[in-house]
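Let me begin by presenting the structure, written as structure tokens, before commenting on it.
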Amino acid sequence: MKKEKLKIELGVPEHGWLPINLAFGSFDLQFESSDVPANPIDQLVISLRSVIKGIKTEVRWHLEPKGYYFEFEKISNEYYLNISFTNSDDSERKKIFQINGNSESLILPIYRAIKKFTDHPHDSQNWPLTDKVEIEKLTELIKGLKATQNNT
């Protein structure tokens, strides 16, 4: 039986707002995130690198003032993504969904969405450009993941 994969699309940014569409099974989350106070794509790149190394991490998708948190964790060879929502920076988070899977079903779809987003240039006035060195570091880790999968 083929395991279902996460689907994520990073849309075309406009005036500091980025459309996000994330789906897994019957769960579908669509929102537009701001690039302030921090660029969530940069945070996502760093978070993927961290979780691949086994470090628990999170990304805040700012909706001004509301927001979503994507919390990543790796336990053994299983990856977990907990999605929670908050009404403001200092309000309590409400968990809305949890996804777990291996690197192929959870990590690679996010990596591919990042690559697709960064490979298609956009005006830096609409969204900050992602550091290519950080993407290259993530790509090297992904290559290592794929090699490990092929050997198992």
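Readers should treat all values here as calculations from the given coordinates under stated rules, not as data from a laboratory. Since this is a predicted model, take the numbers as computed values, not measurements. Quick reminder, even Gly has a Cβ in these numbers, built from the backbone with ideal geometry, and neighbours come from all protein chains shown.
Residues that are outside any strand (DSSP E or B), closer than 24 Å to Ser91 by Cα and not charged (D, E, K, R) within region 17-61 comprise Val36, Pro37, Ala38, Asn39, Pro40, Ile41, Gln43, Leu44, Ser47, listed in sequence order. For region 39-55, the criterion of a residue being surrounded by fewer than 19 Cβ atoms within 10 Å (Cβ to Cβ), more than 22 Å from Ile142 (Cβ to Cβ) and among the β-branched types (Val, Ile, Thr) is satisfied by no position.
Annotation: Val133 fulfils all but one of (1) of a type in the set (A, V, I, L, M); (2) in contact (Cβ under 8 Å) with a residue 24 or more places away in the chain; (3) more than 26 Å from Gly25 (Cα to Cα); the unmet one is (2). Being surrounded by 12 or more Cβ atoms within 10 Å (Cβ to Cβ), more than 16 Å from Ile41 (Cβ to Cβ) and either touching a residue at least 12 places away in the same chain (Cβ under 8 Å) or within 15 Å of the chain's Cα centre (by Cα) (or both) is a property that does not hold for Phe117.
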